[in-house]
């Protein structure tokens, strides 16, 4: 299980569910810079797509290793933010996009910290309006992933990453649990769909320790969101254990949830979430 | 002299109030540490004690007396309740952790069972014209209760409608009984007044509501109300109601009251339209509900029993808005209360984590944790969930645009702001209108004689007496488009 190689014949799929509700206009500290959660989320998503493109880059062109889906949910609906529901990494690479100058802090081998300015392409623009129809997003994700799994029965199962700062406004916890269960039940011959949840912390939230990939013994924050997100997240396959153990210094098995983590950790999580990309070659 | 027994609770506790758990400091006021072995509250206060599973509600204001040590507790006599009409009182050893120390505390409290309903809510629940049998049962039970108390000699001393509850079948349960101390009122008279209230509730709910509101006004003249009831009852030919009201006024003896209570319990309900009219003239605010209690501003693990609320609105953003008396509160849909630091006289549904509320001071806006993001000092606030902004006016009538965190976005104050839509807010200064963007920037000068909100990308304006439409670039629409719009 979860051992399929990601190749041109057996593509991988990453579906991002993005909370674009009004509360994402609140501020968060991201890589030492204060910005809105929606800006930080867009930055993280754009960097993930760029990372996927870089990983798929071959000598003369970009290889078609991934299908990417991006669903934004806000106001009363969940919609695909890309032209098609699933877009190949090649198509995304060929899409003309605006660029943005980003200041990144890097640590040199001698320990010094330097700030560099890099140009990054923007597939997603920050947005924050309306309510949080997470239930609808899960329903749309299920439809998208179901059709993808039918077309790619022997591929590594889709990875769905839900990035949110709060609870759904269109479904109760029980309903979200049922929808998530329905989503996780989708599978390819290589295993069940992996559902990851990332809860973005607010600058003004009560400070709590960030929680990354908890195991069964990890005490969860006393917050109903944390419990709900833990319950609906997939247990992570062994494939991820080594990288996560290095990150968290706790023993496996892990759950695919990151609570109250800063967005630095989100980027770290996404890199881990894309470990399957290492299997391309 | 018989020592004053703790009315609500015995609690073993530490003598230093600083060691009280923070969430209990406002629930367990302790301001007298002088007596050895005890401390007491000098004020009469409402207590609400809770553990993780249950609430122990002491529904009447009372002075509490708490033991400091186990020995002091053992000195106390635990009252057993042998009368059917007295609410259960339980001694619960090691039941609660009330303090920072790990030690458990003991509690003796009158327990409001989940199925017990306060008088006001009981009447509200059973006042349907087709389903008033429970109200007759309640009247019957009040008579039996009064009879029993007279026979046994038990005395409450501060009985009012607030510490009378009912079982689902309509049997009376008296809370916080007994008190050994000076009597503040006559128990029989209180029961008779409760019976009158129930009868009026069963006959004419609007009259009952008005009566309840009137009774809770500070300057309420109870005798005048009783005279009003008596005269209305005479007009409608309801003898027992008129006689009982007059008997209370005339301080009739207990046997007379008992006899009249029995007669009233057997009297069919009659419409009391005249009483409603008469009470309306005294309230000036018909059908406003009394403040029986306001939602306790306590820690979020307190659960709200929605069945005991006077009004419960459908959940919005999974948060339920409910009313008890005149006060509003919020709770998660599973009942978990959202504490707000001030009593809420008005409240709106949550929309994407924000709700506009009204306190005694003014309007404010709270987040989903109950914290004020815009303080409660505004004369008006409008929250636009889809635009993620609020517009608010201060007491001088100056309007500004604010973001969801309460930061002011607009630099220019206006005399009025209209609805926010499609990224714009229409505003007025003096007698001219203009537009702001929802980011707070002024998009046009105040040049229009009239201006309306954007809809489907266009807005109607009037400039120098000419009406036309502008688009979101604020350009005048072409004649062709204008014509098409007019046709539409």
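Modelled spin-label separation between residue B:84 and residue A:187, with each label point placed 7 Å from Cα along the Cα-to-Cβ direction: 6.2 nm.
Each label was represented as a point 7 Å from its Cα along the Cα-to-Cβ direction; for residue A:58 and residue B:474 these points are 5.3 nm apart.
Measuring r between the beta carbons of residue B:215 and residue A:242 and using R0 = 51 Å, the FRET efficiency lands at 0.10.
Here the calculated FRET efficiency for residue B:482 and residue A:215, from their Cβ-Cβ distance with R0 = 60 Å, stands at 0.35, rounded to the nearest 0.05. Extension gain, residue B:462 to residue B:131, is 113.3 nm, computed as 0.36 nm per intervening residue step minus the present C-alpha separation. The length gained by stretching the chain between residue B:312 and residue B:415 to full extension, at 0.36 nm per residue less their Cα-Cα distance, is 33.5 nm. Projecting label points 7 angstrom from Cα along Cα→Cβ for residue B:377 and residue B:280 puts them 4.1 nm apart. The C-alpha atoms of the range B:200-278 occupy a region whose extents along the principal axes are 31, 27, 18 Å, arranged from largest to smallest. Normalised by the number of residues in the range B:117-283, the average gap of Cα pairs under 8 Å and 6 or more apart makes the relative contact order 26 percent. Could you tell me which of rounded, prolate or oblate describes the range B:420-478, using a ≥ b ≥ c as the square roots of the eigenvalues of the alpha-carbon gyration tensor, with rounded for a/c under 1.5 and, failing that, prolate when a/b is larger than b/c and oblate otherwise? It is oblate, given that a/c is not under 1.5 and a/b is not larger than b/c. With the Cα gyration tensor of the range B:117-283 giving a ≥ b ≥ c as the square roots of its eigenvalues, does the rule (a/c under 1.5 for rounded; else a/b larger than b/c for prolate; else oblate) give rounded, prolate or oblate? Because its axes are fairly even, with a/c under 1.5, the range B:117-283 counts as rounded.
In terms of its C-alpha gyration tensor, the range A:1-145 comes out oblate, because a/c is 1.5 or above while a/b does not outweigh b/c.
Rule-based calculations on the coordinates, nothing more; no lab input. From a predicted model like this one, the values you see are computed outputs, not experimental measurements. Note: ideal-geometry Cβ built from the backbone for every residue, glycine included; neighbour counts use all protein chains shown.
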